[in-house]
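A short write-up of the structure that comes next.
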Amino acid sequence: MPSEPILFFEKQSLRQWHVRIALAFPPAAVLFIACRQIIWHKPWGSPPLSDEGLIFLTVMLLGVYLRLVTVKLVAELRPDELSFGLRGLWRPRRIPLDRIRSAAVVTYDPVVDFGGYGIRSGRRAKAYIASGNRGVELVLDGAPKVLIGSQNPVDLARKIGDARDRLALPR
């Protein structure tokens with residue numbers, strides 16, 4: 001069975017450089033400790049961790065760091081559903097179009113309104129934010145509002161409305 005066509009697709013990186021630097025400290029510190037112990041023969045701690053343990057810990061922390069800095073917010077609209085989420089961290093959330101009552105372009109302050117970037121909950125809605133301060137706020141049937149940060153919120157809201165019109169859903 002061929003897959004349904006994609007009506008809208010957007011992929012955004014989490015671009016907060018200060019977060020990337022903060023996340024780099026633990027793997028960098030363990031890498032330094034591993035080099036100090038394995039290369040320069042100056043054990044760390046009492047008793048020191050084994051060389052194999054340090055190598056494992058270093059590789060694991062570098063893997064976690066690389067996983068976290070490559071996470072992307074992906075939004076994909078198909079004729080019958082909208083899916084979005086942080087790819088590489090969680091499964092996407094899928095909302096059938098018949099559950100969406102309205103989609104409106106909104107401007108927000110990620111820090112003030114939601115406490116930052118990523119998947120956040122605020123007074124206003126549950127938010128999926130990668131960067132910027134504009135998005136689409138969805139009013140859902142029987143569920144709290146959802147905000148999806150977007151670099152093209154006007155296009156996303158319009159295409160959600162068009163897809164709902166094709167399904168002949170009441171607004």
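Which order do the peptides 110-118, 37-45 take when ranked by the mean count of other beta-carbon atoms within 10 Å per residue, highest first?
Highest mean packing first, the order is 110-118, 37-45.
Identify all lysines with a Cα-Cα distance to K126 below 17 Å; exclude those on the same chain that are fewer than 8 residues away in sequence.
Straight-distance partners of K126: K145.
Which values, in whole Å and largest first, are the semi-axes of the equivalent ellipsoid of segment 11-69 obtained as the square root of 5 times each eigenvalue of the Cα gyration tensor?
28, 11, 8
Who wins for biggest fluctuation among S150, S102, S50 in a Gaussian network model of the chain, springs between alpha carbons below 10 Å?
Looking only at S150, S102, S50, the largest GNM fluctuation is found for S50.
Show me the three semi-axes of the equivalent ellipsoid for segment 100-171, from the C-alpha gyration tensor (sqrt of 5 times each eigenvalue), largest first, rounded to whole Å.
After diagonalising the Cα gyration tensor, the semi-axes are 23, 14, 8 Å.
Could you tell me how far the Cα centroid of segment 85-117 sits from the Cα centroid of segment 17-33, in Å?
Result: 29 Å between the Cα centres.
Enumerate the amide H contacts of F8 below 5 Å, restricted to partners 5 or more residues apart or on another chain; note that Pro and chain-start residues carry no placed amide H.
Hits under the 5 Å cutoff: L77.
Since every read-out is calculated from the coordinates, none of them should be taken as a lab result. Here the structure is a predicted model, which is why all the values come from computation and not from measurement. All Cβ positions, even for glycine, are placed from backbone atoms using ideal geometry, and neighbour counts span all protein chains on display.
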